[in-house]
Protein chains: 2
Amino acid sequence: MSDLTIRPATRDDIPAIVAMLADDPLGAQRESPDDLAPYAEAHRRMANDPNQHLMVAARDDRVVGTLQLTIVPGLSRRGATRSIIEGVRIHSDERGSGLGTRFIEWAVDESRRQGCQLVQLTSDTSRTDAHRFYERLGFTASHVGFKLSI
Amino acid sequence: MSDLTIRPATRDDIPAIVAMLADDPLGAQRESPDDLAPYAEAHRRMANDPNQHLMVAARDDRVVGTLQLTIVPGLSRRGATRSIIEGVRIHSDERGSGLGTRFIEWAVDESRRQGCQLVQLTSDTSRTDAHRFYERLGFTASHVGFKLSI
């Protein structure tokens, strides 16, 4: 396969990112690929926040993956900084290609480079394949993730 | 009981916050109340980040609770902003007083005020009392929380 680039997402990447967010059993119900305005506004907010890293993986200039890395300073664990990975999506054409592994390893390396001592993420209880994937990469399923829609 | 104040943590609150972080079955192993320098440095980083809200609850000028609220813009869920609650601690003298409920309700209200559509948190699988507490407050245990120390 041709070379893969991992880089910050630009405004022009938004349609490809939203298409991946929507091409998912859970995302299909909650995304709106026909109305990109709220996504463009969110991209603007993220671009202004130095602790937000919305990334894409591109192959031959085609966006084939996305994830969001957030850097969170904190007091607990002796003032440890942690990172949070959210919104991981790999294009259906690329599943099984090793891109997911490479992308998460990139996020872990970047977290280390930014001085984090901990990387964390949550995954819907229904995504059992994803759970095995994260455990293979060394993550521990040590927590229960709670959500409240408001 | 006398009036409760919920306010941003100042540098002077650090010793009381660290004492609460350490007075915990998990925290006892990973905090250093005798060396506050890394906490002061982390407090400085948080104070410079407008999306970080390190809060204390005080009664009669005595710090009796702490939590960290992080505002996270994002692309998924139609550009939804979410908040993440971390590092919740209630002083042992105050457990059962309703302070935990009031503090989490404050965090949910503040998240709404800041335009969040989702509040999330993770809790160690061993903290079963905390899980019941969050479920009583309307949170759903819909996710598995993964962590990787780096």
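Just so you know, all these numbers are worked out from the coordinates, no wet-lab data involved. This one's a predicted model, so the numbers in the text were calculated from it and none came from an experiment. We place every Cβ from the backbone using ideal geometry, glycine too, and count neighbours over all the protein chains shown.
Neighbours of A:ARG112, meaning other residues whose beta-carbon lies under 13 angstrom from its beta-carbon, give a summed charge of -1 when Lys and Arg score +1 and Asp and Glu score -1. Whole-percent P(r), the range B:4-136, all Cα pairs, 5 Å bins from 0: 2, 10, 19, 22, 21, 16, 7, 2, 0, 0. Here r is the Cβ-Cβ distance between B:TRP106 and A:SER92 and R0 is 25 Å; the resulting FRET efficiency, rounded to 0.05, is 0.05. A label point on B:ASN48, set 7 Å along the Cα-to-Cβ line, lies at 2.0 nm from each of its counterparts in the other copies, closest listed first.
Each other residue within a Cβ distance under 15 Å of A:PRO38 adds +1 if Lys or Arg and -1 if Asp or Glu, for a net charge of +3. Give me the percent of DSSP beta bridges within the range B:4-136 that run antiparallel, rounded to the nearest 5. Close to 85 percent.
Taking a ≥ b ≥ c as the square roots of the eigenvalues of the Cα gyration tensor, the protein assembly as shown is prolate, since a/c reaches 1.5 or more and a/b is larger than b/c.
Along the range B:69-86 the Karplus relation, 6.51 cos²θ - 1.76 cosθ + 1.60 evaluated at θ = phi - 60°, assigns HN-Hα couplings of 10, 10, 9, 10, x, x, 8, 5, 6, 6, x, 6, 8, 10, 10, 10, 9, 9 Hz to successive residues, with x for each Gly and Pro.
Relative to the other identical copies, B:ALA28 shows label-point distances of 5.0 nm, where the label point lies 7 Å from Cα along the Cβ direction and values run shortest first.
I'd like to compare B:70-80, A:41-51: which one has the highest average count of other Cβ atoms within 10 Å, and what's the full order after that? Let's see the in-between values first.
Working: B:70-80: 22.3, A:41-51: 16.1.
Ranked by mean Cβ neighbours within 10 Å, highest first: B:70-80, A:41-51.
For the range A:56-61, putting each phi into the Karplus relation 6.51 cos²θ - 1.76 cosθ + 1.60 with θ = phi - 60° gives couplings of 10, 9, 10, 10, 6, 6 Hz, in residue order, rounded to whole numbers and with x for Gly and Pro. Computed 3J(HN,Hα) for the range A:110-126, one whole-Hz value per residue from the Karplus formula 6.51 cos²θ - 1.76 cosθ + 1.60 where θ = phi - 60°, is 5, 4, 4, 4, 8, x, 6, 10, 8, 10, 9, 7, 10, 9, 3, 4, 6, glycine and proline marked x.
Counting only other chain Cβ atoms within 10 Å of each residue's Cβ, the peptide A:62-75 averages 5.
Of all chain B residues, the closest to the B-onto-A rotation axis by Cβ, with that distance in whole Å, is B:GLY145, 2. Scanning residues 5 or more positions from B:GLY65 or on other chains, those with amide H under 5 Å from its amide H are B:ALA57, B:HIS91, with H placed 1.01 Å from N in the peptide plane.
Looking at the protein assembly as shown, the DSSP beta bridges with both ends there are about 90 percent antiparallel. Counting Lys and Arg as +1 and Asp and Glu as -1 over every other residue whose Cβ lies under 15 Å from the Cβ of A:SER142, the net charge comes to +2. The H on the amide N of A:SER32, modeled in the peptide plane, is under 5 Å from the matching H of B:ARG78, each at least 5 residues off or on a different chain.
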